[in-house]
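One structure is given here, and the rest of the page talks about it.
The values are calculated or read from the model by the stated rules, or taken from the named source; none is laboratory data. Treat the numbers as computed from the prediction; the structure is a model and nothing was measured. Cβ coordinates were reconstructed from backbone atoms using ideal geometry, including for glycine residues, and neighbour counts include every protein chain displayed. What goes into the accessible areas is simple: the full protein's heavy atoms, side chains included, and nothing from ligands, DNA or RNA. Shrake-Rupley method; radii C 1.70, N 1.55, O 1.52, S 1.80 Å.
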Amino acid sequence: MAELVAAVGVPHSPHYPSQFPKDGPQPTSEHFRKVKKELDAARPDALIVIANDHFNTFFLNNFPTFAIGVAETSSGPNDQTKMPHYDLAVHSALASHVRKTGIGEGFDFAVTQEFGVDHAVLVPLHYLTDGVRTPVVPLWVNAFVKPLPLARRCYALGNMLKAAIASLPGNLRIGIVATGHFSLEIAGPRVEPGSRHGTPDIGWSRHVHSRIKNAEIGDLVAEATPERMWQAGNIGGELLNWIVLLGAVGNTRPCYLADHDDIDGHTFAAWRWN
């Protein structure tokens, strides 16, 4: 059967590729390299990328709570992110199996068979893979359109992903990548004058970081109410992407966790088993 060999969580700011070269000396570049080292060591054959779309693949006339891409190929970024364009393979057999397993467990995925991906998917892949040659399965979570999905539902989605991987025939080695910030406000009332974005609740971000460090996932899921995430910014719901990943990881401490950055509301983490 297939196996989950690694899971990683990283931020996905669209400004990173133009600001931080992969081989640069900045902490952001270094953290991505350290996470990539763990992912490379696990040798995944496919990656499930858990992200939120920023009105580029979906829009308000059709904005799903959970969606999965089932196709042969995709490309991006389909927004204005200043980074290389990538054509990427989609692991359609894995995507179809996750979809079928999810529906059997009561997760009514929206499915798209023709799609592009934006910076939430491609910025992490830009840093964490060599040329985005590893086949991917994009799985989108609604992280900022009210009402948000409940954290416990996202955690259950992660449980389902782990079970789906374990039930897939063959010897596929699978990694999971979750992306997003814990505290982030974009063009909202809690942004400092003259700035486009900010981190209005760095204390919450630090608290989430501590919960992940100590594998206190049940407590985090209970605390991550929609109201609490909104307090952390109008993009604070990106924590839900991580909670899906934590549902697959379980109460396991990461093998790599960056020191918390008291400027940006995010972290870098990696788990590896094989």
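Structure data summary
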quantity	calculated
Residue-span extension gain [Q26 to K146] - 0.36 nm each, minus C-alpha spacing	39.6 nm
Sites A163 and S210, calculated FRET efficiency, Cβ-Cβ separation with R0 35 Å, nearest 0.05	0.80
Quarter of Cα convex hull surface for the stretch 24-152, i.e. mean projection, nm²	8.9
Efficiency of FRET from Cβ geometry, D262 and E227, R₀ 22 Å, rounded to 0.05	0.35
Label-point separation in nm, R33 to L60, each point 7 Å along Cα→Cβ	4.4
Pairs beyond 23 Å (Cα-Cα), from K37/K82; K37/K213; K36/K213; K22/K82	K37/K82
D (Stokes-Einstein, µm²/s), Kirkwood Cα radius, the stretch 95-188, 1.002 mPa s at 20 °C	140
Against the rule of thumb 2.2 N^0.38 Å, how large the Cα Rg of the chain comes out	0.91
Extension gain, R253 back to W273 (0.36 nm per residue minus Cα-Cα distance, nm)	6.1 nm
Å³ per residue enclosed by the Cα convex hull of the stretch 94-252	138
Along principal axes, Cα extents of the stretch 16-100, largest first, whole Å	41, 31, 22
Cα-projected label distance for E3 with H85, points at 7 Å along beta-carbon direction, nm	4.0
Accessible carbon and sulfur surface of the chain relative to its total accessible area, %, 1.4 Å	49
Label-point gap, in nm, between T73 and D45 - each point 7 angstrom along Cα→Cβ	2.2
Dipole magnitude of the chain about its Cα centre (Cβ charges: Lys, Arg +1; Asp, Glu -1), debye to nearest 20	460
Quarter of Cα convex hull surface for the stretch 1-65, i.e. mean projection, nm²	6.4
Average accessible surface area per residue within the chain, 1.4 Å rolling probe, Å²	42
Ratio of the Cα radius of gyration of the stretch 146-230 to 2.2 N^0.38 Å, where N counts its residues	1.38
